[in-house]
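Undergrad: Before I ask anything, let me first share the structure, which is written out below as structure tokens.
What follows is calculated from the coordinates using simple rules that are stated; it is not laboratory data. Since this is a predicted model, take the numbers as computed values, not measurements. Cβ placement follows ideal geometry from the backbone for every residue including glycine, while neighbour counts extend to all protein chains displayed.
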Amino acid sequence: MPTFAYSTDDPASVRADVLVLPVTEGPEPGPGVREVRRLDLLGACAAAKLRGKLGESLLVPNPGVDGLAAASVLVLGLGPRAEVTTDTLRRAIGKVAPQLARHERVATTLPQAAGRNAEAAVQATVEGLLLGSYRFDRYKTGQGAEPPEKPALAHVTVLGSARWNARAMKEALTRGEIVSDAVAWARDLVNTPAIDCTPEYLAAQARTMAKEVGLECRIWSEAELKKGGFGGIIGVGQGSVNPPRLIELRYRGASASQPPVALTGKGVSFDSGGLSIKTAEGMEWMKADMGGAASILATMKAIARLRPRVNVIAAIPSAENMPGGSAIRPGDVLVHRNGKTSEVLNTDAEGRLILADALAYLAEQKPRVILDTATLTGACMVALGEEIWGVMGNDRRLTRDLVAAGEATGEPGWELPLWKRYRKLIDSEVADIKNVGKRYGGAITAALFLAEFVGDTPWAHLDIAGPAFAEKAGDYWPKGGTGVPVRTLVHYVLSQARPPRRRTS
């Protein structure tokens, strides 16, 4: 990771291999463009027919102009001036991040183009640059057609306004680095093939991370899970040679009297569908079915490094859903941590079975809220597509706070109704509940299943089936794991460093 520095120097005087200056559609000059007077940037834009659309860029070499220290200037489009937000900055610099990563020293005035929220603009710029240059090349040996190119970027200078609070801007730089590092780790976990990323691997990764950042860590073994009554986790994992695990992490940032924020995420390290087996095509990205678990692990890593005054507990269930001879069968009944029973009619609806145990365990800890994230249903993708996560819960203020956190961090979400009349769709004739309803409203009935295990605790469920894994590259992510919704969760937890609120209906 490069080192970041904050400065209010004249952009023309900053030494860099590339100086990144923004323009908006027109193109209208952004901060720094007029300061570089002797290099006709607007003329170069006009000649290249650059309109200033979001992500458009033009590299203008410095032929030795007096008063310009940078070796070249990259003019970067932000789109219409009235539509520029902090996420615009993240997306714009994310698009050119792979290009910038080839240079040792980069400087930019980009945050000055966002207007009001300087701290968020600085953080977004850091995130866009780091996440846009992310690559997963662990399995590249250099013997392929395109050997991996090592990034050269070592130093980044973010140029701000003299009116800004320098200390706050430096803190924003650090926050951007910490959050980006966590998101990149979540991406790494999701992108790791299931042959390596087993439940035990996730547990080992969590244990190592916890030791590095100072979290308390307990790994529940298969025997401990059986003894503890975690029937959903055991049931889903019993068809695999790789035994299930429960990863428990604790961050203590406030007094012991303060109830914690509780987090969990679906950690199915590979989902074949079990005996209700998926199609071959349907399995191609199922190594990513632990995206929820990865997001919670990464969130805990970031929280430990940011050190907010709030207590946080995570209980992350992980199992491999395979069709072995000992696998659960359609019609089997499982007994969960809180004593409730579930009839398994479809073994491919397994994520809710392991989350049920984790939710019940977290409810026992008397938290202020419980949040879960999961690549849970294709139905949510049908409703919201591949870029938007859905959220449902028993507390409207909580769900709205999460949508707002997603909007603030560039991870859009949308509230879906937890329609209680649909609860009858998952009534079972032989157990307390069954794990699937009818075809329609599948995202809602899945959430209603989870709601059975949280009691009266304010709770929200984030269905991230769409945005957790990208089938094609985007503005600041390559194909593969995206790390969604780590930034949303970190933002929300940081906002909770204050007394809890009463639940509202």
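Undergrad: Once the dipole of segment 184-495 is set up with Lys and Arg at +1 and Asp and Glu at -1 on Cβ about the Cα centre, which of 335, 365, 292 lies farthest towards its positive end?
TA: Looking along the dipole axis, the top candidate is 365.
Undergrad: Under a no-solvent Debye model with one identical scatterer per Cα of segment 358-401, what's log10 I(q)/I(0) at q = 0.22, 0.32 Å⁻¹?
TA: Log10 of I(q)/I(0), two decimals: -0.88, -1.16.
Undergrad: Using R₀ = 35 Å, calculate the FRET efficiency as 1/(1 + (r/R₀)^6) where r is the Cβ-Cβ separation of residue 196 and residue 414; round to 0.05.
TA: It comes to 0.55.
Undergrad: Between residue 152 and residue 53, what's the calculated FRET efficiency when r is the beta-carbon distance and R0 is 35 Å? Round to 0.05.
TA: With a Förster radius of 35 Å, E is 0.80.
Undergrad: What is the fewest-to-most order of 380, 217, 197 by other Cβ atoms lying within 10 Å of their Cβ?
TA: Values: 380 28, 217 17, 197 25.
Listing 380, 217, 197 from fewest to most nearby Cβ atoms yields 217, 197, 380.
Undergrad: Another question, then. Grab the eigenvalues of the alpha-carbon gyration tensor for segment 3-164, scale each by 5, take roots, and send me the semi-axes largest first in whole angstrom.
TA: The equivalent ellipsoid of segment 3-164 has semi-axes of 25, 18, 16 Å.
Undergrad: Additional query: So if I place +1 on the C-beta of Lys and Arg and -1 on the C-beta of Asp and Glu, and nothing else carries charge, what would the dipole magnitude of the chain be about its Cα centre? I want it in debye, nearest 20.
TA: 1220
Undergrad: Please work out how much length the chain gains when fully extended from residue 8 to residue 256, using 0.36 nm per residue of separation minus the C-alpha to C-alpha distance, in nm with one decimal.
TA: Length gained, residue 8 through residue 256: 85.0 nm.
Undergrad: In nm, to one decimal, how far is the residue 307 label point from the residue 181 one, both placed 7 Å along Cα→Cβ?
TA: Those two pseudo-labels are separated by 1.3 nm.
Undergrad: Rounded, prolate or oblate: which fits segment 254-373 when a ≥ b ≥ c are the square roots of the eigenvalues of the alpha-carbon gyration tensor, with rounded for a/c under 1.5 and prolate only if a/b beats b/c?
TA: Oblate is the answer for segment 254-373, as a/c is 1.5 or above yet b/c matches or exceeds a/b.
Undergrad: Treating only the Cβ of Lys, Arg, Asp and Glu as charged (+1, +1, -1, -1), what charge dipole size does segment 386-490 show about its Cα centre? Round to the nearest 20 debye.
TA: For segment 386-490, the charge dipole is close to 300 debye.
Undergrad: Residues with amide H under 5 Å of residue 50's amide H, sequence separation 5 or more or different chain, H placed in the peptide plane at 1.01 Å from N; which?
TA: Distant-sequence amide H within range of residue 50: zero hits.
Undergrad: Using per-residue counts of other Cβ atoms within 10 Å, averaged over each peptide, order 431-439, 109-117, 125-133 from highest down.
TA: Details: 431-439: 17.7, 109-117: 20.3, 125-133: 26.9.
Taking the mean over residues of other Cβ atoms within 10 Å, the ranking is 125-133, 109-117, 431-439.
Undergrad: Output wanted: per-residue J couplings in Hz (rounded whole) for segment 250-265, from phi through Karplus 6.51 cos²θ - 1.76 cosθ + 1.60, θ = phi - 60°, x for Gly and Pro.
TA: 9, 10, 10, x, 9, 5, 4, 6, 7, x, x, 7, 10, 10, 8, x
Undergrad: Which of the listed residues, 273, 165, 489, is farthest toward the dipole's positive end in the chain, when Lys, Arg count +1 and Asp, Glu count -1 at the beta-carbon?
TA: 165
Undergrad: How big is the gap, in Å, between the Cα center of segment 15-57 and the Cα center of segment 122-198?
TA: When both Cα centres are located, 25 Å separates them.
Undergrad: Using all alpha carbons of the chain, what is the percent of pairwise distances in each 10 Å bin, ordered from the shortest bin to the longest?
TA: 4, 20, 28, 23, 14, 8, 3, 0, 0
Undergrad: Rounded if a/c is under 1.5, else prolate if a/b is larger than b/c, else oblate: which is segment 405-498, with a ≥ b ≥ c the root eigenvalues of its Cα gyration tensor?
TA: Cα axes put segment 405-498 in the oblate bin.
Undergrad: May I pose another question? Report the charge-dipole magnitude of segment 3-164 in Debye, nearest 20, computed about the Cα centre from +1 at each Lys and Arg Cβ and -1 at each Asp and Glu Cβ.
TA: Dipole of segment 3-164, to the nearest 20 debye: 200 debye.
Undergrad: To continue, here is another question. Show me, for segment 93-109, the HN-Hα J-couplings you get by feeding each phi into the Karplus relation (A = 6.51, B = -1.76, C = 1.60, θ = phi - 60°), rounded to Hz, glycine and proline as x.
TA: 6, x, 5, 9, 4, x, 5, 5, 5, 7, 10, 7, 10, 10, 9, 7, 9
Undergrad: For the residues 198, 279, 88, 174, what sequence is obtained by ranking on other C-beta atoms within 10 Å, fewest first?
TA: Going from sparsest to densest Cβ surroundings: 279, 174, 198, 88.
Undergrad: OK, next. What order do you get for 459, 477 when you list them from fewest to most C-beta neighbours inside 10 Å?
TA: Ordered by Cβ neighbours within 10 Å, fewest first: 477, 459.
Undergrad: Residue separation times 0.36 nm, minus the C-alpha to C-alpha distance between residue 364 and residue 345: what's the value? Before the final figure, lay out the partial values.
TA: Details: separation 19, 0.36 × 19 = 6.84 nm, distance 2.78 nm.
4.1 nm is the gain from fully extending residue 364 to residue 345.
Undergrad: I'd like the FRET efficiency for residue 397 and residue 83, computed as 1/(1 + (r/R0)^6) with the beta carbon distance as r and R0 of 30 Å, rounded to 0.05.
TA: The formula returns an efficiency of 0.55 here.
Undergrad: If you take the square roots of the eigenvalues of the alpha-carbon gyration tensor of segment 324-386 and sort them as a ≥ b ≥ c, do you get rounded (a/c under 1.5), prolate (a/b over b/c) or oblate?
TA: Numbers: a/c = 2.59, a/b = 1.04, b/c = 2.48.
Oblate, since a/c reaches 1.5 and b/c is not below a/b.
Undergrad: May I ask which residue of 16, 62, 27 lies farthest towards the positive end of the charge dipole of segment 1-68, with charges of +1 (Lys, Arg) and -1 (Asp, Glu) on Cβ and the Cα centre as origin?
TA: The residue sitting farthest along the positive end of the dipole is 27.
Undergrad: Using modelled backbone amide H atoms (1.01 Å from N, in-plane), which distant-in-sequence or interchain residues come within less than 5 Å of residue 368's amide H?
TA: Placed amide hydrogens put 261, 262 under 5 Å from residue 368.
Undergrad: Return the long-range amide H neighbours of residue 395 (sequence gap of 5 or more, or a different chain), with a cut-off of under 5 Å between placed amide H atoms.
TA: Counting only residues 5 or more places away or on other chains, the set is 459.
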